[in-house]
Amino acid sequence: QVHLVESGGGSVQAGGSLRLSCVGFEYSYINKCVGWFRQTPGKEREGVATIWTSSSVTYYTDSVKGRFAISQDSVENTVYLQMNSLKPEDTAMYYCGRLSRPGGLCSTMKTMDFENWGQGTQVTVSS
């Protein structure tokens, strides 16, 4: 099965912005949940934001609310993560995945419920 591909990461100073892109999936008439997750050495992968592609309903972890925005372009089959007001604690490898586990929920952003992970894109925020 094709895996997703992330891009757009880089190094910025605190307060800066980045826009991540996730491609490699196919849209269909059925509902699909795509999520952005991040992971740092020694820590578990955590959900950042998820989106239902059919309705554009979104969910965010508390630490990024008001700063990050997840969106989609159905024509180009791309999911974005706009990151503003970046903080050093946002430094991580960012991954995108698709909800696939039977009974899994988009809103709870549980890593184990998602699959088709890409290679990730590194985001580094300096003080």
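Quick one: work out the % antiparallel among DSSP beta bridges in the chain, nearest 5. In the chain, DSSP labels about 90 percent of beta bridges as antiparallel. Computed over protein heavy atoms with a 1.4 Å probe, the carbon and sulfur contribution to the accessible area of the chain reaches 49%. Extension gain for the segment Thr61 to Ala14, taken as residue separation times 0.36 nm less the Cα-Cα distance, is 15.0 nm to one decimal.
Subtracting the Cα-Cα distance of Gln82 and Glu115 from their residue separation scaled by 0.36 nm leaves 9.7 nm. Length gained on full extension, Ser127 to Ser107, computed as 0.36 nm times the residue gap minus the Cα-Cα distance: 4.1 nm.
Pairwise alpha-carbon distances in the chain exceed 18 Å for 47% of all pairs.
The values are calculated or read from the model by the stated rules, or taken from the named source; none is laboratory data. Keep in mind it's a predicted model, so treat the numbers as computed, not measured. Each accessible area value is taken on the protein alone, full model and side chains, heavy atoms only, with ligands, DNA and RNA left out. Shrake-Rupley method; radii C 1.70, N 1.55, O 1.52, S 1.80 Å.
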